1. Within region 224-247, take every residue that is surrounded by fewer than 20 Cβ atoms within 10 Å (Cβ to Cβ) and at pLDDT 85 or above and give me the one that is farthest from residue 165 (Cα to Cα).
2. Could you figure out which of (1) modelled with pLDDT under 95; (2) over 23 Å from residue 98 (Cα atoms); (3) in contact with a strand residue (DSSP E or B) (Cβ under 8 Å, 6 or more places away or on another chain) isn't true of residue 221?
3. Give region 159-196 a look and list any residue that's surrounded by 20 or more Cβ atoms within 10 Å (Cβ to Cβ) and assigned to a loop (DSSP other than H, G, I, E, B), or say none.
4. Considering only residues that are in contact with a helix residue (DSSP H, G or I) (Cβ under 7 Å, 6 or more places away or on another chain) and modelled with pLDDT under 95, which ones fall in region 159-178?
5. Exactly one condition in (1) buried (at least 18 other Cβ atoms within 10 Å of the Cβ); (2) in contact with a helix residue (DSSP H, G or I) (Cβ under 9 Å, 6 or more places away or on another chain); (3) within 25 Å of residue 138 (Cα to Cα); (4) at pLDDT 95 or above is false for residue 15; which is it?
6. Name every residue in region 117-135 that is within 19 Å of residue 254 (Cα to Cα) and in a helix (DSSP H, G or I), in order of residue number.
7. Regarding region 77-93, can at least one residue be identified that is modelled with pLDDT of 95 or more and crowded, with 17+ Cβ neighbours inside 10 Å?
């Protein structure tokens, strides 16, 4: 089981090369074709980033050529502003690689990335934090956030190729009645093990004293995980934005890459 078609978004920001480098690393692991999609806005061609914007395709092609990957480059066009327009390029993708927008360079790339595309595309998305470096480890030790929802189920299956290649996987359960020996928890463990994935269980009884994100990051520290896999927006995106839901917090966390599925 592996990814065979991966999309990485391209722009003129300083986040571009680390993002492409990470996408190359993942594509090489899975022997996948990597497609770069230039999502530059018109603003990227008007200021000091103009030369970088003009060189995006050449930079991408040089990086993938050095890595020896099968690759392609597409241009979304500065008029492709909506998630629907961008999603038309991702119908055949197994994974999309994007970055959190940086306040200083967000205007250089389509505003629909990452959140709106994540919600509309039906494709899992790896979202890298703004301080990410391509040399950083990713996917060796994975924390799989699990809450028995449709979204976490989707995330589990969408990330199976990464889970199968990980050195360790932790099933993190945040639930008021968490018990690692509960039958529904053991069913998930057994399902992963039938796919050849060795998994341990960690969790937290959600009594209201500690919020989900704090408990999750405590587990990340204990397990030395380098990637979170989680379902996205089990509640409406508006309510999550207004009330600081888990998906919004994960989408904007500054320290850890996350694979999200909706």
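The values are calculated or read from the model by the stated rules, or taken from the named source; none is laboratory data. Computed from a predicted model, the values in this text were never measured in an experiment. FYI the Cβ positions are ideal-geometry reconstructions off the backbone, even for glycines, and counts take in every protein chain you see.
1. Looking at the filtered set, the residue picked out is 224.
2. Result: residue 221 fails condition (3) only.
3. If the condition is that a residue be surrounded by 20 or more Cβ atoms within 10 Å (Cβ to Cβ) and assigned to a loop (DSSP other than H, G, I, E, B), then 159, 166 are the ones that fit.
4. Selection gives 172, 173, 174.
5. So the condition that residue 15 fails would be (2).
6. 118
7. yes
Conditions (1) under 19 Å from residue 20 (Cα atoms); (2) in the same structural domain as residue 34 (by TED's automatic domain parsing); (3) out of contact with any helix residue (DSSP H, G or I) (no Cβ under 7 Å at 6 or more places or on another chain); (4) surrounded by fewer than 16 Cβ atoms within 10 Å (Cβ to Cβ), marked per residue:
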position: 57; (1), (2), (3), (4): yes, yes, yes, yes
position: 61; (1), (2), (3), (4): yes, yes, yes, yes
position: 74; (1), (2), (3), (4): yes, yes, yes, yes
position: 97; (1), (2), (3), (4): yes, yes, no, no
position: 110; (1), (2), (3), (4): yes, yes, no, no
position: 117; (1), (2), (3), (4): yes, yes, no, no
position: 121; (1), (2), (3), (4): no, yes, no, no
position: 151; (1), (2), (3), (4): no, no, yes, no
position: 157; (1), (2), (3), (4): no, no, yes, yes
